[in-house]
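K.L.:
Structure incoming, see below.
The values are calculated or read from the model by the stated rules, or taken from the named source; none is laboratory data. In this text, all values refer to a predicted model and were calculated from it rather than measured experimentally. Cβ placement follows ideal geometry from the backbone for every residue including glycine, while neighbour counts extend to all protein chains displayed.
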Amino acid sequence: MADPKGFLKNDREVATRRPVDERVRDWDEVYPDGIGRALLPIINTQASRCMDCGIPFCHQGCPLGNIIPEWNDLVWRDDWEGASERLHATNNFPEFTGRLCPAPCETACVLGINQNPVTIKNVEVSIIDKAWESGFVRPQAPEWLSGRTVAVVGSGPAGLAAAQQLTRAGHTVAVYERADKVGGLLRYGIPEFKMEKKHLDRRLAQMKREGTVFRTGVEVGEGNLTGERLRERYDAVVLAIGATQARDLPVPGRELAGIHQAMEFLPQANRAAVGEQVEGQIMATDKHVVIIGGGDTGADCLGTSIRHGAASITQLEIMPQPTESRPDGQPWPTYPMIFRVSSAHEEGGERVYAVSTQEFLGDDAGNVRALRIVDVVFEDGKLTEIEGSEREIPADLVLFAMGFTGPEQPGLVEQLGVDLDERGNVARDNDYMTSVSGVFSAGDCGRGQSLIVWAIAEGRAAAAAVDTFLTGSTALPAPIPPTARPLVV
């Protein structure tokens, strides 16, 4: 363990973000010189707070099974290369999770029973940023090739994790991505101020040097590359297409101009933020913006709208405002639904809870001008509108950030003929195999909309299953079966 008295001597301390009035003027990450560098002066002390737990529940809280106490101890001892090795043993992309994961490991931390938990996420991102800076992260090309080929469809975190593991196992792997660049929602769904794309690009460069082939701008399931052709061309196929079917809100006025899905708005903003020209870009400048949905995607829309220079921003959430401490029904070590303030929420906007949208109101030109909302209460297992609480709020731009209902089924999914579960996700067995032999499913398309840490865990586990299918055995780690349900989140 680290310092035996570290948790007694030191309190929790996190990195300081840049001043709001500075960071809203650019698209850089909200931490000075990047979060890893910002944390270095305090991170050894924070790592020392890791206790000598009889049972480290952080392992179970993390879907990847990260060996957290070990790399905390190595950081405290200033062995950064050793810490990097232990971190990479369970996580292909700690620079992504260290910035984007909500850290269920921390809410499962034993210290968190009666104190502030260890800053596990901050230690993680410090390790990987230090590792890149010090040259500890190197390509791991296979020593031999198996002669087997694998197609991975989708280049989000699940697809990338599966591809890297299978490439290192000696298989020839091609990753297909329908967008013009690799990364999925990591590139076009996550704003620069949360994760600059240089972190993604240098990991992709490592994967290319290892032998993974990326084919962008290819819509598998259209043209000559049908599902049948894909199966003929490759020995195995991994579906990592995500859950990209956005949830809609079919209320009166939905057809008005100025109402968009978050994933229409954010990808354009991400492209513009890195200097690309975007024709017809949806802009929030000088507009009254209403964001429907109180989760992370809504916060991303909020931070983006602030940087556009919106006149006002209101974020609506249908559920009541969470409490600031653990609810009685969500005891340690579960992941509690508590009131959280993201970096975007620090920057501005108003959050309104327990409201439902009744109607979109338009002007004579067919543009949205307002929303009619009503207060709601959750009782007897359903939401009930409160009579007399109806009111209008101005809106020139409305963004839906209400999550996703599952994978897109027309095209590849239908052509492959894979079975779907009761929620519309791609069904699979405990070996990640779909109903079609040789076709596997990993990430959100199989488990439904979830966390980045689950996507990486599933990508790694699916890779082990594919390797076993192709060769009869595997040396790749398999973190979780797809039927597992998280203890937290």
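K.L.:
Those residues that are of a type in the set (S, T, N, Q) and either outside any helix (DSSP H, G or I) or in the same structural domain as Glu95 (by TED's automatic domain parsing) (or both), I need them from region 146-176; list them, please.
P.N.:
Once the filter is applied, which keeps residues that are of a type in the set (S, T, N, Q) and either outside any helix (DSSP H, G or I) or in the same structural domain as Glu95 (by TED's automatic domain parsing) (or both), region 146-176 yields Ser146, Thr149, Ser155, Thr172.
K.L.:
Over 27 Å from Thr244 (Cβ atoms), in the same structural domain as Ser305 (by TED's automatic domain parsing) and either more than 30 Å from the chain's Cα centre (by Cα) or among the aromatic types (Phe, Trp, Tyr) (or both), is that true of Gly381?
P.N.:
Criteria not met by Gly381.
K.L.:
Please pick out the residue among Val123, Val150, Val175, Val118 that is of a type in the set (Val, Ile, Thr), under 22 Å from the mean Cα position of the chain (by Cα) and within 19 Å of Val238 (Cβ to Cβ).
P.N.:
Val175
K.L.:
Taking only region 298-309 into account, find how many residues are in contact with a Ser or Thr (Cβ under 7 Å, 6 or more places away or on another chain) and either farther than 27 Å from Val376 by Cα or of a type in the set (Asp, Glu) (or both).
P.N.:
2
K.L.:
For residues in region 317-345 being surrounded by fewer than 15 Cβ atoms within 10 Å (Cβ to Cβ) and among the acidic types (Asp, Glu), which is nearest to Leu249 (Cα to Cα)?
P.N.:
Glu324
K.L.:
Return the only residue of Glu414, Glu422, Glu408, Glu359 being touching a Lys or Arg at 6+ places or on another chain (Cβ under 9 Å) and charged (D, E, K, R).
P.N.:
On the way: Glu414 fails: touching a Lys or Arg at 6+ places or on another chain (Cβ under 9 Å); Glu422 fails: touching a Lys or Arg at 6+ places or on another chain (Cβ under 9 Å); Glu408 fails: touching a Lys or Arg at 6+ places or on another chain (Cβ under 9 Å).
It is Glu359.
K.L.:
Does Asp419 satisfy being of a type in the set (Asp, Glu), modelled with pLDDT of 95 or more and surrounded by fewer than 16 Cβ atoms within 10 Å (Cβ to Cβ)?
P.N.:
For Asp419, the condition - of a type in the set (Asp, Glu), modelled with pLDDT of 95 or more and surrounded by fewer than 16 Cβ atoms within 10 Å (Cβ to Cβ) - is met.
K.L.:
State which residue is surrounded by the fewest Cβ atoms within 10 Å (Cβ to Cβ) when the search covers only region 97-106 and only residues that are free of Cβ contacts under 8 Å to residues at least 60 places away in the same chain and assigned to a helix (DSSP H, G or I).
P.N.:
Among them, the one singled out is Glu106.
K.L.:
Right, something else. From the set of residues in region 212-253 that are crowded, with 17+ Cβ neighbours inside 10 Å and at positive phi, which is nearest to the chain's Cα centre (by Cα)?
P.N.:
Applying the filter and picking the extreme gives Gly242.
K.L.:
Restricting the search to region 198-210, which residues are buried (at least 19 other Cβ atoms within 10 Å of the Cβ) and of a type outside the set (A, V, I, L, M)?
P.N.:
His199, Arg203 - these are the residues of region 198-210 that are buried (at least 19 other Cβ atoms within 10 Å of the Cβ) and of a type outside the set (A, V, I, L, M).
K.L.:
If you don't mind, another one. Can you find a residue in region 86-94 that is more than 23 Å from the chain's Cα centre (by Cα), of a type in the set (S, T, N, Q) and over 22 Å from Lys198 (Cβ atoms)?
P.N.:
No, that holds for no residue.
K.L.:
Go over the candidates Ile35, Ile55, Ile42, Ile68 one by one and state the one that is closer than 30 Å to Ala269 by Cα and either in contact (Cβ under 8 Å) with a residue 60 or more places away in the chain or β-branched (Val, Ile, Thr) (or both).
P.N.:
Ile35
K.L.:
Filtering region 256-286 down to residues that are without any contact (Cβ under 8 Å) to a residue 12 or more places away in the chain and among the hydrophobic types (A, V, I, L, M, F, W, C), which residue is surrounded by the fewest Cβ atoms within 10 Å (Cβ to Cβ)?
P.N.:
Val278
K.L.:
Filter region 455-478 down to residues that are modelled with pLDDT under 95 and under 18 Å from the mean Cα position of the chain (by Cα), then give me how many there are.
P.N.:
Total satisfying the criteria: 0.
K.L.:
Considering region 272-295 alone, what residues qualify as being over 23 Å from Glu359 (Cβ atoms) and in contact with a Pro (Cβ under 8 Å, 6 or more places away or on another chain)?
P.N.:
Of everything in region 272-295, just one residue is over 23 Å from Glu359 (Cβ atoms) and in contact with a Pro (Cβ under 8 Å, 6 or more places away or on another chain), namely Ala273.
K.L.:
Across region 353-376, what is the total count of residues that are part of a strand (DSSP E or B) and without any contact (Cβ under 8 Å) to a residue 24 or more places away in the chain?
P.N.:
So the answer is 3.
K.L.:
Do we find a residue being at pLDDT 95 or above, of a type in the set (A, V, I, L, M, F, W, C) and in contact with a helix residue (DSSP H, G or I) (Cβ under 7 Å, 6 or more places away or on another chain) anywhere in region 443-451?
P.N.:
No, region 443-451 has no match at all.
K.L.:
Enumerate the pairs (first residue in region 309-322 and at positive phi; second residue anywhere and assigned to a loop (DSSP other than H, G, I, E, B) and small (Gly, Ala, Ser)) with beta-carbon separation below 8 Å, excluding pairs fewer than 6 apart on the same chain, so at least 6 apart or on different chains.
P.N.:
Gly309/Ala284
K.L.:
Being of a type in the set (Phe, Trp, Tyr), buried (at least 17 other Cβ atoms within 10 Å of the Cβ) and farther than 20 Å from Ala162 by Cα narrows it down to one of Phe400, Phe469, Phe378, Phe440, so name that one.
P.N.:
Testing whether each residue is of a type in the set (Phe, Trp, Tyr), buried (at least 17 other Cβ atoms within 10 Å of the Cβ) and farther than 20 Å from Ala162 by Cα leaves just Phe400.
K.L.:
Could you tell me whether any residue of region 305-316 is touching a Gly at 6+ places or on another chain (Cβ under 8 Å), assigned to a helix (DSSP H, G or I) and crowded, with 23+ Cβ neighbours inside 10 Å?
P.N.:
Yes, region 305-316 contains a residue that is touching a Gly at 6+ places or on another chain (Cβ under 8 Å), assigned to a helix (DSSP H, G or I) and crowded, with 23+ Cβ neighbours inside 10 Å.
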